[in-house]
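Encoded as structure tokens, the structure appears first; notes follow it.
The values are calculated or read from the model by the stated rules, or taken from the named source; none is laboratory data. Just so it is clear, the model here is predicted, and its values are computed rather than measured. Don't worry about glycine lacking a Cβ; one is built from the backbone with ideal geometry, like all the others, and counts go over all protein chains shown. Keep in mind that these areas ignore ligands, DNA and RNA; they rest on the heavy atoms of the full protein, side chains included. Shrake-Rupley method; radii C 1.70, N 1.55, O 1.52, S 1.80 Å.
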Amino acid sequence: MKIQMVDLKSQYEKIKEEVNAGIQDCLDNTAFINGPAVKEFQQDFEKYLDVKHVIPCANGTDALQIAMMALDLKPGDEIICPAFTYVATAEVMGLLGLKPIMVDVDENTFDIELNGLEKYITPNTKAIVPVHLYGQSADMEKILEFAKKHNLFVIEDNAQAIGSDYTFSDGTVRKTGTIGDIGCTSFFPSKNLGCYGDGGALMTNDDDLALKIRMIANHGQEKKYYHKVLGCNSRLDTIQAAVLKVKLKHLDEYSEARNTMADYYDRNLAGISEIQVPIRAKNSTHVFHQYTLRVKNGKRDELQKYLGEKNIPSMIYYPLPLYKQEAFQQYVEEGFSLPATEKLCSEVISLPVHTEFDQDASDTVISEIKNFFNQS
Ligand SMILES: *Cc1c(COP(=O)(O)O)cnc(C)c1O
């Protein structure tokens, strides 16, 4: 059987009956929009995350956009975000007339680099968006301190790290996405908690913000047909909520299986001097949305080609810094460059990670990587 980057099929086989029953229930009740499963999933998710409010929406990109709308950010306001991330993080800023201030990441943790961040602060800086890339938390304690000092909102882009725990220096443990003013996540099928289509959610402990977020996600209305602010139409379908309700119960198991596979890769690949296996952040657990190697001898693209020839999938997240994307040229001076981001774009490669540990698949991936480096 061909190795998959993400094995949603074997995962589905194990929960098939329960998922099918949940979907059938939606069909039987024709409750496609705002059916009971939406509220039920919301409440289960609030409990799981230990957060006061979860507001489901249509996808992770909408979640980010709604967060920025709810914080009353105005055109011209500047928002700090990493340059090494998925486009959605910064794209929504552009759509709202906000200016993304793209900064570097730590080349070991892949998360936003806090040293030297002061130089980006201007009177227009209003928010910071840490991205918990690949499945482990950015250094939230330092980010909160920095945000407090400069009076910034914190919006966590938690699309890749749902379920991971961040530990503060006083021992307090919090789930990522519940630490900043607002957390955003995505239920895209390949995410750690994925549905069978598009879906997303916002998280907050602030009652007023929660009300505002709900209103914005629902055409800016508090009461039907009375529109207080400009909003959008962003809902989680009942069918998707029914799937998520089932999968949420397995999320911790899935994270464990991902960790088992990651540990196995680590043990078997750590001896290869040309690669760097993922470095675990000190204060965060890792949920391995991606298992990402750094290839240090300039042969990343050759390795990917080689693996492809052996039918082993791999992905490059991300090949181009945001500031080099054509769509983002309006936000940077010519020649703008960030050293760690540049380096990572040419070094990273993500390997298959599954929610069911598959020894054979792992062994195949490992032995082909070893073959490649022995040959080259
Ligand atoms: C997936 C992802 C998003 C967007 O989520 P969608 O549901 O696809 O809109 C945003 N940020 C990051 C870091 C992501 O990985």
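Beta carbons closer than 7 Å, at least 6 apart along the sequence or on distinct chains, pair a first residue in segment 288-314 that is within 17 Å of Ser367 (Cβ to Cβ) with a second that is of a type in the set (Ser, Thr, Tyr) for Tyr291/Tyr265; Tyr291/Ser350; Gln304/Ser314; Leu307/Ser314; Ile312/Thr364; Ser314/Ser350. Among the candidates Ala83, Ala58, Ala37, Ala21, which residue alone is at pLDDT 95 or above and touching a Leu at 6+ places or on another chain (Cβ under 6 Å)? Unique residue meeting the criteria: Ala83.
One line per residue, one yes/no per condition, for (1) in the same structural domain as Leu133 (by TED's automatic domain parsing); (2) small (Gly, Ala, Ser); (3) within 28 Å of Tyr120 (Cα to Cα):
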{"position": "His286", "(1), (2), (3)": "no, no, no"}
{"position": "Val295", "(1), (2), (3)": "no, no, no"}
{"position": "Gly308", "(1), (2), (3)": "no, yes, no"}
{"position": "Ile312", "(1), (2), (3)": "no, no, no"}
{"position": "Met315", "(1), (2), (3)": "no, no, no"}
{"position": "Leu320", "(1), (2), (3)": "no, no, yes"}
{"position": "Gln329", "(1), (2), (3)": "no, no, yes"}
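Rundown of residues vs (1) of a type in the set (Val, Ile, Thr); (2) over 23 Å from Glu107 (Cβ atoms); (3) away from the ligand (no atom under 16 Å from the Cβ), yes/no style:
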residue	(1), (2), (3)
Glu253	no, yes, yes
Ala257	no, yes, yes
Thr260	yes, yes, yes
Asp263	no, no, yes
Ile272	yes, no, yes
His286	no, no, no
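In segment 1-11, the residue that is nearest to Lys249 (Cα to Cα) out of those that are assigned to a helix (DSSP H, G or I) and touching a residue at least 40 places away in the same chain (Cβ under 8 Å) is Gln11.
Of the strands (runs of 3 or more DSSP E) that lie entirely inside segment 144-214, those containing 2 or more residues that are more than 10 Å from the ligand (Cβ to nearest atom) and open to solvent by 20 Å² or more (accessible area, probe 1.4 Å) span 165-167, 173-175.
Is it the case that Asp72 is open to solvent by 20 Å² or more (accessible area, probe 1.4 Å) and either in contact with an Asp or Glu (Cβ under 6 Å, 6 or more places away or on another chain) or away from the ligand (no atom under 14 Å from the Cβ) (or both)? Judged against the criteria, Asp72 is a match.
Just checking, how many residues over segment 99-122 are among the aliphatic types (A, V, I, L, M) and within 16 Å of the ligand (Cβ to nearest atom)?
Residues in segment 99-122 being among the aliphatic types (A, V, I, L, M) and within 16 Å of the ligand (Cβ to nearest atom): 4 in total.
Evaluate the following for Ile80: is it more than 16 Å from the ligand (Cβ to nearest atom) and crowded, with 19+ Cβ neighbours inside 10 Å? In short, no.
The residues of segment 108-129 that are closer than 23 Å to Gly94 by Cα and either within 10 Å of the chain's Cα centre (by Cα) or open to solvent by 40 Å² or more (accessible area, probe 1.4 Å) (or both), listed by number, are Glu113, Glu118, Lys119, Tyr120, Ile121, Thr122, Pro123, Asn124, Lys126. So, of the residues in segment 341-365 that are among the β-branched types (Val, Ile, Thr), open to solvent by less than 10 Å² (accessible area, probe 1.4 Å) and assigned to a helix (DSSP H, G or I), which turns out to be farthest from Tyr318 (Cα to Cα)? Among those residues, the one meeting the criterion is Val365.
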